[in-house]
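The values are calculated or read from the model by the stated rules, or taken from the named source; none is laboratory data. Only a predicted model underlies this, so the values are computations on that prediction, with no experimental measurement involved. Because the Cβ atoms are built from the backbone with ideal geometry, glycine has one as well, and the counts that use them run over all protein chains shown. The accessibility values were calculated without ligands, DNA or RNA, using every heavy atom of the protein model including side chains. Shrake-Rupley method; radii C 1.70, N 1.55, O 1.52, S 1.80 Å.
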Amino acid sequence: MAKHDYDIGIIGGGAAGLTVASGAAQLGAKTLLIEKEKELGGDCLHFGCVPSKTLIRTAQAYHTMKNAQAFGLPGVDLPPVDFAKVRERIRSVIATIQEHDSEERFCSLGTKVEFGEPRFKDEHAIQLNRREVSAKIWVIASGSSPGSPPIEGLNKTPYITNKEIFSLDHLPESMIILGAGPIAIEMAQAFRRLGTKVDVVQRSGQILTKEDKDMADEVMQVLDSEGVAFHLNTSVLGVKDLGKDREVLIKDKGGKTSSLRAEKLLVAMGRDPNIQGLNLEGAGVAFDRKGVKVDERMRTSQKHIYAAGDVTGKFLFTHAAGYEGGIVIANAIFHLPRKADYTFLPWCTYTDPELASIGMNEKAAKEAGIDYTIFMEPFSGNDRSLAEGERVGKIKMLLDKKEKPLGVQILGPQAGELLSEWVAVLNGKVKLSTLASAVHPYPTLGEINKRVAGTYLSPKIFSERIKKGLKFFFHLKGRACGEGQ
Ligand SMILES: Cc1cc2nc3c(=O)[nH]c(=O)nc-3n(C[C@H](O)[C@H](O)[C@H](O)COP(=O)(O)OP(=O)(O)OC[C@H]3O[C@@H](n4cnc5c(N)ncnc54)[C@H](O)[C@@H]3O)c2cc1C
(Lines give C-alpha, C1' and ligand atoms only; values in the text may rest on other atoms or scores of the structure.)
Protein backbone atom coordinates (compact mmCIF):
# COMPACT_ATOMS: atom_id res chain seq x y z
CA MET A 1 0.00 0.00 0.00
CA ALA A 2 1.19 3.53 -0.81
CA LYS A 3 2.71 5.22 2.21
CA HIS A 4 0.91 8.52 1.47
CA ASP A 5 -2.48 9.42 -0.02
CA TYR A 6 -0.95 11.83 -2.54
CA ASP A 7 2.39 12.37 -4.24
CA ILE A 8 2.00 16.11 -3.79
CA GLY A 9 -0.38 18.30 -1.78
CA ILE A 10 -0.68 22.04 -2.43
CA ILE A 11 -2.13 24.55 0.02
CA GLY A 12 -3.60 27.58 -1.76
CA GLY A 13 -5.25 27.86 -5.17
CA GLY A 14 -3.71 31.15 -6.36
CA ALA A 15 -1.03 31.88 -8.95
CA ALA A 16 1.68 29.77 -7.27
CA GLY A 17 -0.56 26.87 -6.21
CA LEU A 18 -2.34 26.59 -9.56
CA THR A 19 0.99 26.55 -11.44
CA VAL A 20 2.26 23.67 -9.32
CA ALA A 21 -1.07 21.82 -9.40
CA SER A 22 -1.47 21.88 -13.18
CA GLY A 23 2.20 21.04 -13.82
CA ALA A 24 2.41 18.21 -11.28
CA ALA A 25 -0.89 16.57 -12.34
CA GLN A 26 -0.06 16.75 -16.04
CA LEU A 27 3.30 15.11 -15.32
CA GLY A 28 1.52 12.17 -13.70
CA ALA A 29 1.81 12.98 -9.97
CA LYS A 30 -1.25 12.21 -7.80
CA THR A 31 -2.04 15.80 -6.87
CA LEU A 32 -4.24 17.41 -4.21
CA LEU A 33 -5.01 21.13 -4.23
CA ILE A 34 -6.59 22.69 -1.12
CA GLU A 35 -8.24 26.11 -1.17
CA LYS A 36 -9.89 27.80 1.78
CA GLU A 37 -12.16 30.14 -0.23
CA LYS A 38 -15.14 28.96 -2.31
CA GLU A 39 -13.33 29.46 -5.61
CA LEU A 40 -9.86 29.02 -7.06
CA GLY A 41 -7.86 31.93 -8.44
CA GLY A 42 -6.42 33.62 -5.37
CA ASP A 43 -5.88 37.30 -4.67
CA CYS A 44 -4.73 38.19 -8.17
CA LEU A 45 -8.00 37.14 -9.76
CA HIS A 46 -10.45 38.16 -7.05
CA PHE A 47 -8.94 41.10 -5.15
CA GLY A 48 -5.73 42.09 -6.95
CA CYS A 49 -4.34 42.31 -10.47
CA VAL A 50 -7.51 41.56 -12.42
CA PRO A 51 -10.00 43.88 -10.65
CA SER A 52 -7.40 46.64 -10.27
CA LYS A 53 -6.40 46.64 -13.94
CA THR A 54 -10.06 46.50 -14.99
CA LEU A 55 -10.83 49.49 -12.75
CA ILE A 56 -7.77 51.36 -14.02
CA ARG A 57 -8.91 50.91 -17.63
CA THR A 58 -12.37 52.24 -16.79
CA ALA A 59 -10.87 55.24 -14.99
CA GLN A 60 -8.57 55.88 -17.93
CA ALA A 61 -11.51 55.86 -20.37
CA TYR A 62 -13.42 58.39 -18.22
CA HIS A 63 -10.30 60.54 -17.92
CA THR A 64 -9.85 60.54 -21.71
CA MET A 65 -13.50 61.51 -22.18
CA LYS A 66 -13.07 64.38 -19.72
CA ASN A 67 -9.99 65.51 -21.62
CA ALA A 68 -11.53 65.22 -25.08
CA GLN A 69 -10.45 68.76 -25.97
CA ALA A 70 -6.79 67.80 -25.67
CA PHE A 71 -7.43 65.57 -28.72
CA GLY A 72 -9.07 68.33 -30.74
CA LEU A 73 -12.56 67.06 -29.90
CA PRO A 74 -15.48 69.02 -28.47
CA GLY A 75 -15.51 69.27 -24.67
CA VAL A 76 -18.19 67.17 -22.98
CA ASP A 77 -20.12 67.52 -19.73
CA LEU A 78 -20.02 64.05 -18.27
CA PRO A 79 -22.50 62.60 -15.79
CA PRO A 80 -20.92 61.27 -12.58
CA VAL A 81 -19.70 57.69 -12.39
CA ASP A 82 -22.12 55.01 -11.24
CA PHE A 83 -19.76 52.70 -9.39
CA ALA A 84 -22.30 49.85 -9.36
CA LYS A 85 -21.83 49.64 -13.15
CA VAL A 86 -18.04 49.78 -12.83
CA ARG A 87 -18.28 47.00 -10.23
CA GLU A 88 -20.38 44.96 -12.66
CA ARG A 89 -17.70 45.24 -15.34
CA ILE A 90 -15.06 44.17 -12.82
CA ARG A 91 -17.19 41.17 -11.82
CA SER A 92 -17.74 40.10 -15.41
CA VAL A 93 -14.01 40.18 -16.22
CA ILE A 94 -13.29 38.11 -13.09
CA ALA A 95 -16.05 35.63 -14.02
CA THR A 96 -14.61 35.14 -17.51
CA ILE A 97 -11.12 34.43 -16.18
CA GLN A 98 -12.56 32.28 -13.36
CA GLU A 99 -13.61 29.68 -15.96
CA HIS A 100 -9.94 29.10 -16.67
CA ASP A 101 -9.27 28.61 -12.96
CA SER A 102 -12.28 26.39 -12.25
CA GLU A 103 -12.36 23.22 -10.16
CA GLU A 104 -13.63 21.32 -13.23
CA ARG A 105 -10.70 22.41 -15.37
CA PHE A 106 -8.20 21.37 -12.71
CA CYS A 107 -10.00 18.06 -12.24
CA SER A 108 -9.75 17.48 -16.00
CA LEU A 109 -6.00 18.05 -15.73
CA GLY A 110 -5.87 15.37 -13.02
CA THR A 111 -5.83 17.44 -9.81
CA LYS A 112 -8.18 16.65 -6.93
CA VAL A 113 -9.48 19.96 -5.55
CA GLU A 114 -10.72 20.18 -1.96
CA PHE A 115 -12.07 23.25 -0.20
CA GLY A 116 -11.27 23.77 3.47
CA GLU A 117 -8.64 24.96 5.91
CA PRO A 118 -5.84 22.46 6.40
CA ARG A 119 -3.71 22.16 9.52
CA PHE A 120 -0.44 20.24 9.64
CA LYS A 121 -0.48 17.32 12.09
CA ASP A 122 3.09 16.41 11.34
CA GLU A 123 5.51 16.87 8.44
CA HIS A 124 3.49 14.68 6.05
CA ALA A 125 -0.09 14.69 7.35
CA ILE A 126 -2.69 17.40 7.56
CA GLN A 127 -6.12 17.60 9.13
CA LEU A 128 -8.70 18.68 6.55
CA ASN A 129 -12.47 18.80 7.07
CA ARG A 130 -12.18 16.36 9.99
CA ARG A 131 -10.11 13.87 7.93
CA GLU A 132 -6.43 13.13 7.86
CA VAL A 133 -4.71 13.40 4.51
CA SER A 134 -1.05 12.74 3.82
CA ALA A 135 1.27 13.61 0.96
CA LYS A 136 4.90 12.81 0.20
CA ILE A 137 5.55 16.41 -0.81
CA TRP A 138 3.75 19.55 0.36
CA VAL A 139 3.72 23.01 -1.17
CA ILE A 140 2.64 26.02 0.88
CA ALA A 141 1.21 28.60 -1.54
CA SER A 142 -1.28 30.37 0.71
CA GLY A 143 -0.43 33.93 -0.39
CA SER A 144 -0.66 37.10 1.67
CA SER A 145 -3.27 39.43 3.18
CA PRO A 146 -3.38 43.19 3.69
CA GLY A 147 -1.28 44.11 6.71
CA SER A 148 -3.04 45.76 9.64
CA PRO A 149 -0.57 48.30 11.05
CA PRO A 150 -0.64 49.14 14.77
CA ILE A 151 -2.41 52.48 14.37
CA GLU A 152 -4.24 53.97 17.34
CA GLY A 153 -7.99 53.56 16.84
CA LEU A 154 -7.79 51.41 13.69
CA ASN A 155 -9.49 48.43 15.32
CA LYS A 156 -12.51 50.63 16.13
CA THR A 157 -12.67 52.43 12.77
CA PRO A 158 -14.23 50.95 9.64
CA TYR A 159 -11.65 50.81 6.86
CA ILE A 160 -11.28 49.11 3.53
CA THR A 161 -8.45 47.16 1.90
CA ASN A 162 -8.00 45.55 -1.51
CA LYS A 163 -10.58 42.96 -0.38
CA GLU A 164 -13.43 45.49 -0.33
CA ILE A 165 -12.40 48.29 -2.68
CA PHE A 166 -13.53 46.64 -5.92
CA SER A 167 -17.03 45.84 -4.66
CA LEU A 168 -18.07 49.20 -3.17
CA ASP A 169 -21.76 49.98 -3.79
CA HIS A 170 -21.11 53.60 -4.72
CA LEU A 171 -18.21 55.85 -5.63
CA PRO A 172 -16.88 57.42 -2.41
CA GLU A 173 -16.90 61.21 -2.33
CA SER A 174 -13.52 61.17 -0.63
CA MET A 175 -10.86 58.67 0.35
CA ILE A 176 -7.74 58.78 2.52
CA ILE A 177 -5.13 56.23 1.51
CA LEU A 178 -2.55 55.13 4.07
CA GLY A 179 0.61 53.97 2.29
CA ALA A 180 2.14 54.82 -1.09
CA GLY A 181 3.18 51.48 -2.56
CA PRO A 182 1.97 50.25 -5.98
CA ILE A 183 -1.52 49.25 -4.75
CA ALA A 184 -2.05 52.59 -2.98
CA ILE A 185 -0.81 54.67 -5.89
CA GLU A 186 -2.73 52.76 -8.57
CA MET A 187 -5.94 53.13 -6.55
CA ALA A 188 -5.23 56.81 -5.80
CA GLN A 189 -5.11 57.68 -9.50
CA ALA A 190 -8.01 55.44 -10.52
CA PHE A 191 -10.41 56.76 -7.87
CA ARG A 192 -9.33 60.37 -8.42
CA ARG A 193 -10.02 60.01 -12.14
CA LEU A 194 -13.45 58.58 -11.39
CA GLY A 195 -14.25 61.61 -9.25
CA THR A 196 -13.23 60.80 -5.66
CA LYS A 197 -11.25 63.39 -3.68
CA VAL A 198 -8.07 61.50 -2.69
CA ASP A 199 -5.45 62.11 0.02
CA VAL A 200 -2.35 59.89 0.23
CA VAL A 201 -0.43 59.74 3.51
CA GLN A 202 3.11 58.40 3.37
CA ARG A 203 5.69 58.20 6.16
CA SER A 204 8.77 58.57 3.94
CA GLY A 205 9.63 61.37 1.52
CA GLN A 206 8.93 59.32 -1.61
CA ILE A 207 6.09 57.30 -3.09
CA LEU A 208 6.85 53.87 -4.62
CA THR A 209 9.92 53.56 -2.41
CA LYS A 210 11.47 50.63 -4.30
CA GLU A 211 11.82 52.81 -7.39
CA ASP A 212 14.39 55.51 -8.14
CA LYS A 213 13.27 58.84 -6.72
CA ASP A 214 13.37 60.70 -10.05
CA MET A 215 10.99 58.16 -11.60
CA ALA A 216 8.65 57.98 -8.59
CA ASP A 217 8.58 61.77 -8.31
CA GLU A 218 7.47 62.05 -11.94
CA VAL A 219 4.59 59.66 -11.24
CA MET A 220 3.69 61.76 -8.22
CA GLN A 221 3.70 64.97 -10.28
CA VAL A 222 1.24 63.45 -12.75
CA LEU A 223 -1.10 62.34 -9.96
CA ASP A 224 -0.69 65.70 -8.25
CA SER A 225 -1.66 67.48 -11.48
CA GLU A 226 -4.79 65.30 -11.59
CA GLY A 227 -5.74 66.42 -8.08
CA VAL A 228 -4.39 63.72 -5.73
CA ALA A 229 -3.15 65.36 -2.50
CA PHE A 230 0.09 63.90 -1.13
CA HIS A 231 1.21 64.14 2.50
CA LEU A 232 4.81 62.90 2.47
CA ASN A 233 7.14 62.66 5.48
CA THR A 234 3.95 62.37 7.46
CA SER A 235 3.16 59.93 10.24
CA VAL A 236 -0.28 58.74 11.25
CA LEU A 237 -0.96 59.42 14.94
CA GLY A 238 -4.36 57.79 14.98
CA VAL A 239 -7.67 57.26 13.22
CA LYS A 240 -11.22 57.84 14.39
CA ASP A 241 -14.71 56.83 13.29
CA LEU A 242 -16.87 59.94 12.98
CA GLY A 243 -19.96 58.04 11.86
CA LYS A 244 -20.39 59.06 8.20
CA ASP A 245 -16.68 59.95 7.86
CA ARG A 246 -13.33 58.73 9.12
CA GLU A 247 -10.70 61.04 10.58
CA VAL A 248 -6.94 60.59 10.36
CA LEU A 249 -4.71 62.52 12.70
CA ILE A 250 -1.34 63.22 11.07
CA LYS A 251 2.01 64.76 12.03
CA ASP A 252 4.38 66.27 9.46
CA LYS A 253 8.19 66.27 9.50
CA GLY A 254 8.29 69.54 11.43
CA GLY A 255 6.07 68.11 14.18
CA LYS A 256 2.93 70.01 13.14
CA THR A 257 -0.26 68.01 13.67
CA SER A 258 -3.47 68.26 11.65
CA SER A 259 -6.34 66.03 10.62
CA LEU A 260 -7.85 64.72 7.39
CA ARG A 261 -11.44 63.63 6.94
CA ALA A 262 -12.92 61.34 4.31
CA GLU A 263 -15.78 58.97 3.61
CA LYS A 264 -13.49 55.98 3.11
CA LEU A 265 -10.18 54.99 4.61
CA LEU A 266 -8.05 52.65 2.46
CA VAL A 267 -5.26 50.91 4.36
CA ALA A 268 -2.53 49.77 1.97
CA MET A 269 0.49 49.48 4.23
CA GLY A 270 2.19 46.23 3.36
CA ARG A 271 1.19 42.59 3.34
CA ASP A 272 1.24 39.76 5.91
CA PRO A 273 1.88 36.12 4.94
CA ASN A 274 -1.11 33.76 5.24
CA ILE A 275 0.34 31.28 7.71
CA GLN A 276 -2.14 31.48 10.57
CA GLY A 277 -3.89 28.20 11.33
CA LEU A 278 -1.52 26.04 9.28
CA ASN A 279 0.43 24.88 12.37
CA LEU A 280 3.76 25.25 10.58
CA GLU A 281 5.47 24.59 13.93
CA GLY A 282 3.84 21.15 13.96
CA ALA A 283 5.38 20.39 10.56
CA GLY A 284 8.78 21.81 11.55
CA VAL A 285 8.61 24.59 8.95
CA ALA A 286 10.54 27.75 9.85
CA PHE A 287 8.99 31.17 9.26
CA ASP A 288 9.28 34.74 10.43
CA ARG A 289 7.18 37.91 10.28
CA LYS A 290 7.78 38.26 6.54
CA GLY A 291 6.82 34.70 5.65
CA VAL A 292 7.91 31.10 5.20
CA LYS A 293 11.68 30.82 4.87
CA VAL A 294 12.88 29.10 1.71
CA ASP A 295 16.21 28.36 0.07
CA GLU A 296 16.99 29.07 -3.60
CA ARG A 297 15.16 25.87 -4.60
CA MET A 298 12.02 27.04 -2.76
CA ARG A 299 12.52 24.33 -0.08
CA THR A 300 11.54 25.20 3.48
CA SER A 301 13.41 24.02 6.56
CA GLN A 302 11.72 20.64 5.82
CA LYS A 303 13.22 19.57 2.51
CA HIS A 304 10.04 17.84 1.27
CA ILE A 305 7.90 20.91 2.04
CA TYR A 306 8.17 23.74 -0.46
CA ALA A 307 6.74 27.28 -0.40
CA ALA A 308 6.09 29.63 -3.31
CA GLY A 309 4.46 32.99 -4.00
CA ASP A 310 3.53 35.79 -1.63
CA VAL A 311 3.71 33.54 1.44
CA THR A 312 7.52 33.62 1.17
CA GLY A 313 7.41 37.44 1.49
CA LYS A 314 9.94 37.96 -1.32
CA PHE A 315 8.58 39.38 -4.56
CA LEU A 316 4.85 39.91 -4.28
CA PHE A 317 3.86 39.54 -7.92
CA THR A 318 1.76 37.02 -9.80
CA HIS A 319 4.51 36.35 -12.31
CA ALA A 320 6.99 35.77 -9.45
CA ALA A 321 4.52 33.30 -7.88
CA GLY A 322 4.18 31.48 -11.22
CA TYR A 323 7.94 31.42 -11.71
CA GLU A 324 8.49 30.02 -8.22
CA GLY A 325 5.80 27.42 -8.88
CA GLY A 326 7.90 26.30 -11.87
CA ILE A 327 10.99 26.03 -9.65
CA VAL A 328 9.00 23.79 -7.28
CA ILE A 329 7.95 21.53 -10.19
CA ALA A 330 11.57 21.25 -11.39
CA ASN A 331 12.80 20.27 -7.93
CA ALA A 332 9.90 18.24 -6.54
CA ILE A 333 8.75 16.38 -9.66
CA PHE A 334 11.77 16.34 -12.01
CA HIS A 335 14.26 16.15 -9.11
CA LEU A 336 16.40 18.78 -10.83
CA PRO A 337 18.25 21.15 -8.47
CA ARG A 338 16.91 24.30 -10.17
CA LYS A 339 17.40 27.55 -8.28
CA ALA A 340 15.30 30.70 -8.44
CA ASP A 341 17.15 33.63 -10.03
CA TYR A 342 15.55 37.05 -9.62
CA THR A 343 18.26 39.03 -11.46
CA PHE A 344 15.94 40.03 -14.27
CA LEU A 345 12.55 39.79 -12.56
CA PRO A 346 10.41 42.52 -14.15
CA TRP A 347 7.55 44.43 -12.55
CA CYS A 348 5.26 47.29 -13.38
CA THR A 349 3.11 49.80 -11.52
CA TYR A 350 0.03 50.43 -13.64
CA THR A 351 -0.38 54.13 -13.17
CA ASP A 352 -0.83 56.31 -16.25
CA PRO A 353 1.97 56.64 -17.30
CA GLU A 354 3.14 53.20 -16.20
CA LEU A 355 6.40 52.65 -14.35
CA ALA A 356 8.10 49.39 -15.30
CA SER A 357 11.40 47.98 -14.16
CA ILE A 358 13.75 45.08 -14.81
CA GLY A 359 17.08 44.35 -13.18
CA MET A 360 18.84 46.95 -11.07
CA ASN A 361 17.77 50.55 -10.78
CA GLU A 362 20.10 53.22 -9.41
CA LYS A 363 18.94 52.58 -5.86
CA ALA A 364 19.71 48.85 -6.07
CA ALA A 365 23.06 49.43 -7.81
CA LYS A 366 24.14 51.90 -5.12
CA GLU A 367 23.07 49.52 -2.36
CA ALA A 368 25.12 46.76 -4.00
CA GLY A 369 28.11 49.11 -4.38
CA ILE A 370 28.15 48.70 -8.17
CA ASP A 371 29.46 51.51 -10.41
CA TYR A 372 27.12 52.30 -13.26
CA THR A 373 26.51 54.64 -16.18
CA ILE A 374 23.04 55.85 -17.14
CA PHE A 375 21.64 56.26 -20.64
CA MET A 376 18.29 58.02 -20.99
CA GLU A 377 15.80 58.85 -23.67
CA PRO A 378 12.65 60.93 -23.10
CA PHE A 379 9.22 59.99 -24.46
CA SER A 380 8.92 63.59 -25.67
CA GLY A 381 11.39 62.54 -28.37
CA ASN A 382 9.31 59.57 -29.53
CA ASP A 383 7.04 60.41 -32.50
CA ARG A 384 4.32 57.92 -31.61
CA SER A 385 4.23 59.12 -28.03
CA LEU A 386 3.56 62.67 -29.23
CA ALA A 387 0.83 61.45 -31.59
CA GLU A 388 -0.77 59.68 -28.63
CA GLY A 389 -0.68 62.89 -26.59
CA GLU A 390 1.90 61.44 -24.19
CA ARG A 391 4.85 63.63 -23.28
CA VAL A 392 5.73 62.49 -19.78
CA GLY A 393 8.39 59.94 -18.99
CA LYS A 394 11.65 58.43 -20.07
CA ILE A 395 13.59 55.22 -20.40
CA LYS A 396 16.64 54.75 -18.23
CA MET A 397 19.25 52.08 -18.95
CA LEU A 398 22.00 51.25 -16.47
CA LEU A 399 25.27 49.69 -17.64
CA ASP A 400 28.07 48.45 -15.40
CA LYS A 401 31.78 49.27 -15.82
CA LYS A 402 32.14 46.57 -18.46
CA GLU A 403 29.18 48.10 -20.30
CA LYS A 404 26.92 45.15 -19.51
CA PRO A 405 23.27 46.05 -18.84
CA LEU A 406 22.35 46.06 -15.14
CA GLY A 407 18.74 47.07 -15.62
CA VAL A 408 16.17 49.20 -17.39
CA GLN A 409 13.36 51.37 -16.03
CA ILE A 410 10.63 52.81 -18.20
CA LEU A 411 8.22 55.51 -17.14
CA GLY A 412 5.80 56.13 -19.95
CA PRO A 413 2.80 55.00 -21.95
CA GLN A 414 2.48 51.20 -21.96
CA ALA A 415 5.78 50.85 -20.15
CA GLY A 416 4.85 47.35 -18.98
CA GLU A 417 4.41 46.20 -22.58
CA LEU A 418 7.59 47.99 -23.71
CA LEU A 419 9.55 46.19 -21.00
CA SER A 420 8.90 42.81 -22.65
CA GLU A 421 11.56 43.52 -25.27
CA TRP A 422 14.05 44.00 -22.43
CA VAL A 423 12.89 40.76 -20.81
CA ALA A 424 14.03 38.98 -23.99
CA VAL A 425 17.19 41.10 -24.45
CA LEU A 426 18.43 40.71 -20.88
CA ASN A 427 17.50 37.06 -20.38
CA GLY A 428 18.75 36.14 -23.85
CA LYS A 429 21.98 38.13 -23.33
CA VAL A 430 21.31 39.92 -26.61
CA LYS A 431 23.95 42.51 -27.52
CA LEU A 432 22.88 46.15 -27.33
CA SER A 433 24.24 46.58 -30.85
CA THR A 434 21.75 43.92 -32.03
CA LEU A 435 18.88 45.81 -30.42
CA ALA A 436 20.10 49.14 -31.77
CA SER A 437 20.41 47.83 -35.32
CA ALA A 438 17.19 45.78 -35.36
CA VAL A 439 14.50 47.46 -37.47
CA HIS A 440 11.49 48.46 -35.37
CA PRO A 441 8.20 49.51 -36.99
CA TYR A 442 7.65 53.27 -37.25
CA PRO A 443 5.97 54.99 -35.50
CA THR A 444 5.87 52.87 -32.35
CA LEU A 445 6.54 53.50 -28.68
CA GLY A 446 8.90 50.52 -28.86
CA GLU A 447 11.36 52.56 -30.88
CA ILE A 448 12.42 54.09 -27.57
CA ASN A 449 14.09 50.77 -26.67
CA LYS A 450 16.15 50.82 -29.86
CA ARG A 451 16.89 54.51 -29.35
CA VAL A 452 18.32 54.16 -25.82
CA ALA A 453 20.57 51.32 -26.99
CA GLY A 454 21.60 53.70 -29.79
CA THR A 455 22.49 56.50 -27.35
CA TYR A 456 25.02 54.14 -25.84
CA LEU A 457 26.47 53.13 -29.21
CA SER A 458 26.44 56.42 -31.13
CA PRO A 459 29.43 58.07 -29.35
CA LYS A 460 31.43 54.99 -30.35
CA ILE A 461 30.25 55.01 -33.97
CA PHE A 462 30.62 58.76 -34.43
CA SER A 463 33.90 59.05 -32.48
CA GLU A 464 36.75 61.28 -33.71
CA ARG A 465 38.91 58.19 -34.25
CA ILE A 466 36.38 56.57 -36.61
CA LYS A 467 35.85 59.89 -38.41
CA LYS A 468 39.58 60.37 -38.85
CA GLY A 469 39.96 56.83 -40.21
CA LEU A 470 37.15 57.29 -42.72
CA LYS A 471 38.51 60.68 -43.77
CA PHE A 472 41.93 59.17 -44.35
CA PHE A 473 40.78 56.10 -46.27
CA PHE A 474 37.98 57.60 -48.31
CA HIS A 475 39.11 61.23 -48.59
CA LEU A 476 35.97 62.63 -46.97
CA LYS A 477 35.85 66.41 -47.11
CA GLY A 478 34.16 67.13 -43.74
CA ARG A 479 31.21 69.36 -42.77
CA ALA A 480 29.17 71.07 -45.45
CA CYS A 481 27.33 73.39 -43.12
CA GLY A 482 27.43 74.87 -39.57
CA GLU A 483 30.31 75.14 -37.14
CA GLY A 484 33.82 75.03 -38.57
CA GLN A 485 32.51 75.60 -42.09
C1 LIG B 1 -4.73 45.36 -5.38
C2 LIG B 1 -3.63 44.44 -5.85
C3 LIG B 1 -3.17 44.57 -7.14
C4 LIG B 1 -2.18 43.73 -7.60
N5 LIG B 1 -1.73 43.88 -8.88
C6 LIG B 1 -0.77 43.08 -9.35
C7 LIG B 1 -0.32 43.19 -10.68
O8 LIG B 1 -0.80 44.04 -11.44
N9 LIG B 1 0.65 42.36 -11.12
C10 LIG B 1 1.20 41.41 -10.31
O11 LIG B 1 2.08 40.68 -10.75
N12 LIG B 1 0.80 41.27 -9.03
C13 LIG B 1 -0.17 42.07 -8.53
N14 LIG B 1 -0.60 41.91 -7.25
C15 LIG B 1 0.02 40.87 -6.42
C16 LIG B 1 -0.56 39.48 -6.72
O17 LIG B 1 -1.96 39.51 -6.51
C18 LIG B 1 0.08 38.43 -5.82
O19 LIG B 1 1.48 38.56 -5.89
C20 LIG B 1 -0.31 37.03 -6.23
O21 LIG B 1 -1.69 36.85 -6.10
C22 LIG B 1 0.42 36.00 -5.36
O23 LIG B 1 0.03 34.71 -5.70
P24 LIG B 1 0.03 33.58 -4.59
O25 LIG B 1 -0.32 32.31 -5.28
O26 LIG B 1 1.25 33.63 -3.80
O27 LIG B 1 -1.14 34.02 -3.59
P28 LIG B 1 -2.71 34.16 -3.90
O29 LIG B 1 -2.97 34.43 -5.32
O30 LIG B 1 -3.26 35.11 -2.92
O31 LIG B 1 -3.26 32.71 -3.57
C32 LIG B 1 -3.23 32.19 -2.28
C33 LIG B 1 -4.45 31.31 -2.12
O34 LIG B 1 -4.31 30.58 -0.91
C35 LIG B 1 -5.56 30.57 -0.25
N36 LIG B 1 -5.30 30.33 1.18
C37 LIG B 1 -4.87 31.20 2.11
N38 LIG B 1 -4.73 30.60 3.30
C39 LIG B 1 -5.11 29.31 3.10
C40 LIG B 1 -5.22 28.18 3.94
N41 LIG B 1 -4.90 28.25 5.25
N42 LIG B 1 -5.65 27.04 3.42
C43 LIG B 1 -6.00 26.93 2.10
N44 LIG B 1 -5.92 27.96 1.26
C45 LIG B 1 -5.47 29.13 1.75
C46 LIG B 1 -6.14 31.92 -0.55
O47 LIG B 1 -7.55 31.93 -0.36
C48 LIG B 1 -5.73 32.12 -2.01
O49 LIG B 1 -6.69 31.59 -2.88
C50 LIG B 1 -1.61 42.73 -6.75
C51 LIG B 1 -2.09 42.59 -5.45
C52 LIG B 1 -3.09 43.43 -4.99
C53 LIG B 1 -3.59 43.25 -3.60
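Some notes on this structure:
- Every residue from the range 90-131 that is of a type in the set (Val, Ile, Thr) and under 14 Å from LEU33 (Cβ atoms): THR111, VAL113, ILE126
- Check on LYS163, within 16 Å of the ligand (Cβ to nearest atom) and basic (Lys, Arg): yes
- Inside the range 101-115, residues that are assigned to a loop (DSSP other than H, G, I, E, B) and within 26 Å of the chain's Cα centre (by Cα) make up a count of 1.
- Scanning the range 342-395 for residues that are of a type in the set (Ser, Thr, Tyr) and within 16 Å of the ligand (Cβ to nearest atom) gives TYR342, THR349, TYR350, THR351, SER357.
- Unmet criterion (only one of (1) of a type in the set (A, V, I, L, M, F, W, C); (2) away from the ligand (no atom under 12 Å from the Cβ); (3) touching a strand residue (DSSP E or B) at 6+ places or on another chain (Cβ under 9 Å)) for ALA330: (3)
- Residue list for the range 244-272, filter: crowded, with 20+ Cβ neighbours inside 10 Å and among the charged types (D, E, K, R): ARG246, LYS264, ARG271
- Candidate set: the range 48-77, residues that are within 16 Å of the ligand (Cβ to nearest atom) and β-branched (Val, Ile, Thr); chosen: the one nearest to ALA95 (Cα to Cα): VAL50
- Test: residue in the range 435-445 that is surrounded by 18 or more Cβ atoms within 10 Å (Cβ to Cβ) and within 30 Å of THR64 (Cα to Cα): yes
- Among the residues of this structure, ARG192 counts as one that is more than 18 Å from the chain's Cα centre (by Cα), surrounded by 17 or more Cβ atoms within 10 Å (Cβ to Cβ) and not polar (S, T, N, Q).
Okay, residues lined up against (1) in a strand (DSSP E or B); (2) more than 23 Å from ILE165 (Cα to Cα); (3) away from the ligand (no atom under 16 Å from the Cβ):
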residue	(1), (2), (3)
GLY227	no, no, yes
PHE230	yes, no, yes
ASN233	no, yes, yes
VAL236	yes, no, yes
LYS244	no, no, yes
LEU260	yes, no, yes
LEU266	yes, no, no
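- Residue satisfying all of: in the range 276-299; in contact with a strand residue (DSSP E or B) (Cβ under 7 Å, 6 or more places away or on another chain) and farther than 20 Å from PRO146 by Cα; farthest from the ligand (Cβ to nearest atom) among these: ARG299
- Residue within the range 165-176 that is surrounded by 19 or more Cβ atoms within 10 Å (Cβ to Cβ), acidic (Asp, Glu) and in contact (Cβ under 8 Å) with a residue 24 or more places away in the chain present: no
- Checking each residue in the range 88-121 for being away from the ligand (no atom under 15 Å from the Cβ) and farther than 29 Å from GLN26 by Cβ picks out GLU88, ARG89, ARG91, SER92.
- At least 3 residues being without any contact (Cβ under 8 Å) to a residue 40 or more places away in the chain and farther than 30 Å from ALA216 by Cβ is the threshold, and among the helices (runs of 4 or more DSSP H) wholly inside the range 401-485 those reaching it are 432-437, 464-474.
- Restricting the first member to the range 302-319 and to residues that are within 6 Å of the ligand (Cβ to nearest atom), and the second to residues that are acidic (Asp, Glu), the beta-carbon pairs closer than 7 Å and six or more apart or on different chains are GLY309/GLU324; LEU316/ASP310.
- Applying the criterion of being open to solvent by 10 Å² or more (accessible area, probe 1.4 Å), touching a Leu at 6+ places or on another chain (Cβ under 7 Å) and of a type outside the set (A, V, I, L, M, F, W, C) to the residues of the range 12-47, the residue that is farthest from the ligand (Cβ to nearest atom) is GLN26.
- Leading residue by the ranking (least open to solvent (accessible area, probe 1.4 Å)) among those in the range 305-338 that are under 15 Å from VAL292 (Cβ atoms) and part of a loop (DSSP other than H, G, I, E, B): ALA308
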